[in-house]
Amino acid sequence: MTFADQYNIEKTLAEGCFAKILLCRHRPTNTTVVLKAVHAELTTIKEFQKEFHYNYELSHHHHILSAYAVAFQTKDYYVFAMEHAPYGDLASNIGPNGLHETACKQIAEQLSSALGFMHSKNLVHRDLKIENVLVFTPDFTRVKLCDFGATTKKGLLVHKVKHTWTSCVPPEQLELIKNERFQCLPISDSWQFGILLYNILTGNPPWQSADWVKDQAYSNFMKYEQRKTTKVPDSFRRFSPRLMRCFRKYLTHDPEDRCKITEVVKYMKDRWVECRISASKSATLIAPHHHDQDSCIYLNQREGRLSGDESKLRFKRMMSSYGLDIPIDQTMVRRRVWDWLSTCDGNFDPEIESLHALDMAQ
Ligand SMILES: Nc1ncnc2c1ncn2[C@@H]1O[C@H](COP(=O)(O)OP(=O)(O)OP(=O)(O)O)[C@@H](O)[C@H]1O
């Protein structure tokens with residue numbers, strides 16, 4: 001058939017090398033659907049049927065994208081229909097500094113449930129990344145796993161997934177030579193889950209590739225994970241010891257030691273991100289006693305990407321959003337910030353902290 005027989009194409013949501021994702025209105029039922037149109041030249045009908053079949057059969061899980069019982073072929077495409085995710089994918093929802101801890105916990109819980117369900121059916125997703133998680137509510141209380149193009153039965157021999165980020169490839173697969181096949185196992189999803197968790201918490205993957213020879217960030221983490229050093233890698237220093245324990249289990253270099261996908265549920269009641277103020281060399285760790293995580297601020301972040309002027313501007317904007325408008329009475333500001341910080345932590349000692357950030361506002 002042709003698209004025009006039954007569908008009005010309203011928008012192209014995404015277009016990759018292999019497929020187009022189209023937002024459409026199905027005229028006979030007047031419903032909005034998304035059509036995944038896979039280039040017939042670039043895939044086999046068997047591969048298309050496999051993706052559609054897995055997606056459709058897994059659809060009844062609350063956190064797996066629903067595919068409808070609709071598949072057809074046009075001149076150029078194999079097509080199947082699915083529900084529309086109104087807020088797009090996770091990649092387009094994460095800012096440069098990642099998401100709030102509460103949102104990350106919700107996402108982690110939902111995805112571990114979806115992947116745990118797949119693993120219970122002896123299926124491995126194999127392409128878990130932020131682009132393959134769709135958002136249904138703006139507060140992330142409903143997200144769903146999508147793209148079952150690489151999904152494979154546990155134990156089958158497979159090639160590496162093509163067209164994915166190197167940061168998502170588990171170390172045991174990086175080490176393979178070209179075209180070498182390996183056994184498909186659920187622990188590769190566990191690895192990708194660990195990477196995704198870091199990615200949503202910080203806005204970036206933890207390293208470029210899990211190659212301990214070429215990638216310093218990975219090599220640092222691997223030494224820590226294998227207890228060759230107690231030094232927490234810089235890029236993980238914002239996390240609590242409990243979350244570090246969890247990361248160690250997901251991102252273990254040796255696949256045999258890697259945890260099951262659902263391990264993360266054991267860490268839901270723990271604090272994940274610690275509140276650090278690294279304004280001076282004697283940076284104090286401030287762990288608020290209450291659970292209002294919005295009160296966590298990172299002043300003068302080590303990884304800060306802003307130039308001095310941008311930081312000043314941003315800081316001024318932040319102060320004015322708290323009612324401290326410019327021109328600022330610095331003594332007054334300092335006193336109010338001290339007061340606020342001491343309510344966060346009884347141990348806070350204003351003598352020790354220089355709060356360099358305040359000087360930036362001057
Ligand atoms: N049902 C949907 N609702 C809204 N957006 C969607 C939907 N399905 C897919 N998308 C968007 O389209 C993008 C690509 O979808 P999908 O991963 O299924 O295609 P793909 O060609 O297999 O991609 P790739 O091979 O690059 O992983 C998603 O990252 C998402 O942004």
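The values are calculated or read from the model by the stated rules, or taken from the named source; none is laboratory data. Computed from a predicted structure; not experimentally measured. As a convention, Cβ positions derive from the backbone with ideal geometry for all residues, glycine included, and neighbour counts pool all protein chains shown. Note: accessible area is taken over every heavy atom of the protein model, side chains too, but ligands, DNA and RNA are not part of it. Shrake-Rupley method; radii C 1.70, N 1.55, O 1.52, S 1.80 Å.
For Pro96, the test of being assigned by TED's automatic domain parsing to the domain that holds Gly194, in contact (Cβ under 8 Å) with a residue 60 or more places away in the chain, of a type outside the set (Asp, Glu) and outside any helix (DSSP H, G or I) is passed. Within region 25-46, track down each residue that is surrounded by 15 or more Cβ atoms within 10 Å (Cβ to Cβ) and touching a residue at least 40 places away in the same chain (Cβ under 8 Å). If the condition is that a residue be surrounded by 15 or more Cβ atoms within 10 Å (Cβ to Cβ) and touching a residue at least 40 places away in the same chain (Cβ under 8 Å), then His26, Val33, Val34, Leu35, Lys36, Ala37, Val38 are the ones that fit.
Residues that are surrounded by fewer than 17 Cβ atoms within 10 Å (Cβ to Cβ) number at least 2 in the following helices (runs of 4 or more DSSP H) confined to region 178-261: 216-225, 241-250. Within region 120-143, one or more residues are open to solvent by 40 Å² or more (accessible area, probe 1.4 Å), at pLDDT 95 or above and either touching a Leu at 6+ places or on another chain (Cβ under 8 Å) or within 10 Å of the ligand (Cβ to nearest atom) (or both). Among the criteria (1) away from the ligand (no atom under 15 Å from the Cβ); (2) within 23 Å of Ile261 (Cα to Cα); (3) in contact (Cβ under 8 Å) with a residue 60 or more places away in the chain, the one Glu57 does not fulfil is (3). Residue by residue through region 69-88, note down the ones that are of a type outside the set (Asp, Glu) and within 11 Å of the ligand (Cβ to nearest atom). Selection gives Phe80, Ala81, Met82, His84, Ala85, Pro86, Tyr87, Gly88. Residues in region 159-187 that are within 16 Å of the ligand (Cβ to nearest atom), under 23 Å from Ser112 (Cα atoms) and over 20 Å from the mean Cα position of the chain (by Cα): Lys160 only. Condition test on Phe80, is it closer than 28 Å to Ser120 by Cβ and in a helix (DSSP H, G or I)? In short, no. Under 7 Å between Cβ atoms, which residue pairs at least 6 apart in sequence (or on different chains) link something in region 78-92 that is among the hydroxyl-bearing types (Ser, Thr, Tyr) with a partner that is more than 7 Å from the ligand (Cβ to nearest atom) and not in a loop (DSSP other than H, G, I, E, B)? These pairs meet every condition: Tyr78/Val38; Tyr78/Ile45; Tyr78/Phe48; Tyr87/Val135.
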